1. Report, ordered by the first and then the second residue, all pairs with beta carbons closer than 9 Å, sequence separation of six or more or different chains, a first member in segment 35-56 that is on the phi > 0 side of the Ramachandran plot, and a second member that is modelled with pLDDT of 90 or more and open to solvent by 20 Å² or more (accessible area, probe 1.4 Å).
2. Is it fair to say Leu410 is surrounded by fewer than 21 Cβ atoms within 10 Å (Cβ to Cβ), of a type in the set (A, V, I, L, M) and at pLDDT below 90?
3. Only one of Arg304, Arg288, Arg277, Arg299 is of a type in the set (D, E, K, R) and crowded, with 24+ Cβ neighbours inside 10 Å; which?
4. Within the bounds of segment 198-220, is there any residue that is over 24 Å from Thr326 (Cα atoms), hydroxyl-bearing (Ser, Thr, Tyr), assigned to a helix (DSSP H, G or I) and in contact with an Asp or Glu (Cβ under 8 Å, 6 or more places away or on another chain)?
5. Out of all the residues in segment 1-20, which are open to solvent by less than 30 Å² (accessible area, probe 1.4 Å) and more than 14 Å from Val32 (Cβ to Cβ)?
6. Could you list, in sequence order, the residues of segment 171-183 that are surrounded by fewer than 24 Cβ atoms within 10 Å (Cβ to Cβ) and under 20 Å from the mean Cα position of the chain (by Cα)?
7. Here's a check for you: in segment 90-132, which residue that is of a type in the set (Ser, Thr, Tyr) and within 20 Å of Arg67 (Cβ to Cβ) is surrounded by the most Cβ atoms within 10 Å (Cβ to Cβ)?
8. Taking interchain pairs and intrachain pairs at least six residues apart, which have beta carbon atoms under 6 angstrom, with the first residue in segment 236-254 and more than 21 Å from Gly149 (Cα to Cα) and free of Cβ contacts under 8 Å to residues at least 40 places away in the same chain and the second open to solvent by less than 40 Å² (accessible area, probe 1.4 Å) and small (Gly, Ala, Ser)?
Amino acid sequence: MEYSCMELALEGERLCRAGDCQAGVQYFEAAVKAGTDDFATLSAIYSQLGNAYFFLQEYGKALEYHRHDLNLARTLGDKAGEAKASGNLGNTLKVLNKFDDAIVCCQRHLDISEEIGDKVGKARALYNLGNVYHTKGKHSGRNGQQDPGEFPPEVRETLQKAADYYEQNLEIVQELADMASVGRACGNLGNTYYLLGDFKKAIHYHERRLAIAKEFGDRSAERRAYTNLGNAYIFLGEFENAAEHYHKTLQIAKQLLDKALEAQACYSLGNTYTLLRDYEKAIEFHLRHLEIAQQLADRVGEGRACWSLGNAYTALGNHEKALQFTSKHLHISKEIGDENGQISAQMNLADLRNLLGIVDSSKHLAKDNSKLLNLMQLEETEVVAPDPKLLNSREQLQLLLKMPVMETILV
């Protein structure tokens, strides 16, 4: 049976909205093949195809169709369409780490939106510019593995630009009474100020994010806010406050029936109780983290849990248990090719076997000079409490960041 271009496109849109982008793409591709003389309809199909491929993480295809959309909009003299396509191209280029090209596209989106008086489009363009600078700053800062607030001047300048764009976006969406966008802006402002080392400002914005999430019953956003608040309190040295927020994170993760998030919360709690020198509680949460990591076949998580358990048992003076978990950490580090983990485990094993410096756990763990990877996570960027080294100064705390999941607005 033959269907018209419009019928195929509408079915593709329905499938994408239902979450089946793979099937939606097939209908959109069929719509393109069916053809249409209505260039506005064709432009909309190109845009939807680009967005669908973006969500399928086929970024090359996404670029292709957003470029088709941009060229068609320019041919038609459609300024609003050109702005939309420019913004979508910018978001896609950002994911491909082509930050300078992404900035050009997002700036074009902003310029046209201002030219045609599109306030909503301007807000989106400002938000996406913030995202590009935020991601660029994290990408640059990750290479040096510095703590938040200790990035080189050029990275701090990039992150400050992100904050500036998010602030401008926040001002507009507040005027528009768009509370969902206000929440996103506050969350990303909190993350940006966290990276800049302004933890009190980060807490201010994450508290706002939390309040909005609660108002709308958004449990996922609420969980992220609690986690981000816990991370900020860690760097302020307010470990009790951090633990309180991580407990709320854990509670929501269980309600969401998400084992990976539960494991992350247990890991953060174990590290926080180690910083509080409550090693029994730390062990309780690290054992739960280990159990879930094994259930999920997460060898990286399992290795981290064993490393943390080795440290906690060492602090308690239970050297046999410490040796058991440190040996497991070494085995897993070799298996997954983690050179830093192997160095850490070998040094800890040497100390345990020789029974030297073990009673003074802070001296023992200070020998662990391995640099842990800064893994980043986006929308809103989430970080995990530090792998504890029982250190006393805030400057010595190192956080392990997850890979980004920041919200991107596709127009």
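1. From residues that are on the phi > 0 side of the Ramachandran plot, the pairs are Gly35/Leu42.
2. So Leu410 fits the description; yes.
3. Arg304
4. Among the residues of segment 198-220, not one is over 24 Å from Thr326 (Cα atoms), hydroxyl-bearing (Ser, Thr, Tyr), assigned to a helix (DSSP H, G or I) and in contact with an Asp or Glu (Cβ under 8 Å, 6 or more places away or on another chain), which makes the answer no.
5. Start the filter on segment 1-20 by keeping residues that are open to solvent by less than 30 Å² (accessible area, probe 1.4 Å), which leaves 5, 8-9, 12, 15.
Selection gives Leu15 alone.
6. Hits for segment 171-183 are Ala180, Ser181, Val182.
7. Here the residue is Thr92.
8. Here the result reads His245/Gly230; Thr249/Ala265; Leu250/Ala265; Ala253/Ala265, each pair linking segment 236-254 to a residue that is open to solvent by less than 40 Å² (accessible area, probe 1.4 Å) and small (Gly, Ala, Ser).
The values are calculated or read from the model by the stated rules, or taken from the named source; none is laboratory data. Note that the structure is predicted; figures quoted are calculated from it, not measured. Note that each Cβ is placed from the backbone with ideal geometry, even for glycine, and that neighbours are counted across all protein chains shown. The area values use the complete protein model at the heavy-atom level, side chains included, leaving out ligands, DNA and RNA. Shrake-Rupley method; radii C 1.70, N 1.55, O 1.52, S 1.80 Å.
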